[in-house]
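The block underneath contains the structure these notes are about, expressed in structure tokens.
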Amino acid sequence: MSILKIIEYGNPILREKSKEVTKISKKIKTLITDMLDTMYHANGVGLAAPQVGENLRIFVIDVSDPSGPINPLVFVNPKIIKKSGAISSYEGCLSFPKAYTTVRRYANVMVKALDINGRPFIKEAKDGELLARAIQHEFDHLDGNLFIDHCRNRFVADEVLKKYNLSPVEVDRLIDEPELEEAILLWEKEHPDEAQKLRDEIQELENNKE
Ligand code: NI
């Protein structure tokens, strides 16, 4: 068991496109178990290989209740084969210590990948559940994309990044998502009470930080 060093925003490794894994060797298995150890140690729900300095198409996720048994999910060479719906998601990243912001995500995703033994599986996550958002967040890391590239308001994101001494949003990396934004705005209009509740929850999380 090893805890690996997590690379932080600003390091060019996070912006590289990762390579497919061609063989699940002993070395790859060790990397995966070390990634899980590192993720649990950092109290994260997900970690992608580039975040520990390996530009390989691997990520790990555990969205189970921290007070219960662990439920590690390993994705090697993942492909998102279906995505639909839209949701506003409040996210952070282990490579951005403490910095959270609101981003656009699909609500439903289906992903195909290999497990730690090289066996193919399909995982579906729906209704904007944490797993759906985590899969998109971690998958992005493999293409050098970061959660802030999906931010709903780059000026708000910049303020947060500045507060934690992180460099500002890279404007040329921002991902234009007019359909997602439109769908989110429509949902917020149709569900004003739920949308307000979400905003209040985010505000409360903000207030509870340090
Ligand atoms: Ni991340």
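What number in nm² do you get for region 1-65 if you take the convex hull of its Cα atoms and divide its surface by four?
Details: hull surface 18.4 nm².
Across all orientations, region 1-65 yields a mean hull projection of 4.6 nm².
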Spatial separation of Cα centroids for region 85-164 and region 26-84, in angstrom: 13
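How many percent of Cα pairs in region 49-167 exceed 17 Å?
Details: 4125 of 7021 pairs.
Every Cα pair in region 49-167 considered, those over 17 Å come to 59 percent.
Which trypsin sites (Lys or Arg not before Pro) in region 19-65 sit in a loop by DSSP (not H, G, I, E or B) and have at most 12 other Cβ atoms within 10 Å of their own Cβ? Show your work: numbers first, answer last.
Numbers: sites: Lys19, Lys23, Lys26, Lys27, Lys29, Arg57; in loops: Lys23, Arg57.
Loop-located and lightly packed - Lys23.
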The chain: calculated mean residue ellipticity at 222 nm from DSSP helix runs of at least 4, using -39500 (n - 2.57): -10500 deg cm²/dmol
Rg in Å to one decimal, and Dmax rounded to a whole Å, for region 91-157 via C-alpha atoms: 13.3, 43
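With +1 on each Lys and Arg Cβ and -1 on each Asp and Glu Cβ, and nothing else charged, work out how big the dipole of the chain is about its Cα centre, in Debye to the nearest 20. All intermediate terms of the calculation are to be shown ahead of the outcome.
Numbers: 29 positive and 35 negative charges, 220 e Å.
Approximately 1060 debye in magnitude.
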Stretchable slack from Thr33 to Lys126, in nm (0.36 nm times residue separation minus alpha-carbon distance): 30.8 nm
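How large is the Kirkwood hydrodynamic radius of region 114-199, in angstrom, based on all distinct alpha carbon pairs?
Details: mean 1/r = 0.0646 Å⁻¹.
Its Kirkwood hydrodynamic radius stands at 15.5 Å.
Does region 6-112 classify as rounded, prolate or oblate by the C-alpha gyration tensor (a ≥ b ≥ c root eigenvalues; a/c under 1.5 gives rounded; else a/b over b/c gives prolate, otherwise oblate)? All intermediate terms of the calculation are to be shown ahead of the outcome.
Working: a/c = 1.26, a/b = 1.20, b/c = 1.05.
Because its axes are fairly even, with a/c under 1.5, region 6-112 counts as rounded.
Report Rg(Cα)/(2.2 N^0.38 Å) for the chain, keeping two decimals.
Working: Rg = 16.9 Å, N = 210, 2.2 N^0.38 = 16.8 Å.
Cα Rg divided by the expected 2.2 N^0.38 Å: 1.00.
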Estimated FRET transfer efficiency (Glu179, Ile80; beta-carbon r; R0 25 Å; 0.05): 0.95
Accessible area per residue in Å² at 1.4 Å probe, computed on the chain: 55
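Calculate what fraction, in whole %, of the accessible area of region 60-210 sits on carbon and sulfur atoms when a 1.4 Å probe is rolled over the protein chains. The partial results should precede the final answer.
Details: 4430 of 8450 Å².
Heavy-atom surface of region 60-210 belonging to carbon and sulfur, 1.4 Å probe: 52 percent.
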Spin-label zone in region 152-182 - amide nitrogen under 19 Å from a point set 7 Å from the Cα of Tyr90 along the C-beta vector: 152-164
Computed FRET value (nearest 0.05) for Ser64 with Lys112, which takes r as the C-beta separation and R₀ as 22 Å: 0.50
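For the peptides 99-106, 41-48, 79-86, 157-164, what is the packing order when you average, over each peptide's residues, the other Cβ atoms within 10 Å and list the highest mean first?
Numbers: 99-106: 22.2, 41-48: 19.5, 79-86: 14.4, 157-164: 16.2.
In decreasing order of mean packing, 99-106, 41-48, 79-86, 157-164 become 99-106, 41-48, 157-164, 79-86.
The values are calculated or read from the model by the stated rules, or taken from the named source; none is laboratory data. Quick caveat: nothing in here was measured; it's all calculated off a predicted structure. Every residue, glycine as well, gets a Cβ built from its backbone with ideal geometry; the counts of neighbours run over all protein chains shown. For the accessible areas, the whole protein counts, side chains as well, though only heavy atoms, and no ligand, DNA or RNA atoms are used. Shrake-Rupley method; radii C 1.70, N 1.55, O 1.52, S 1.80 Å.
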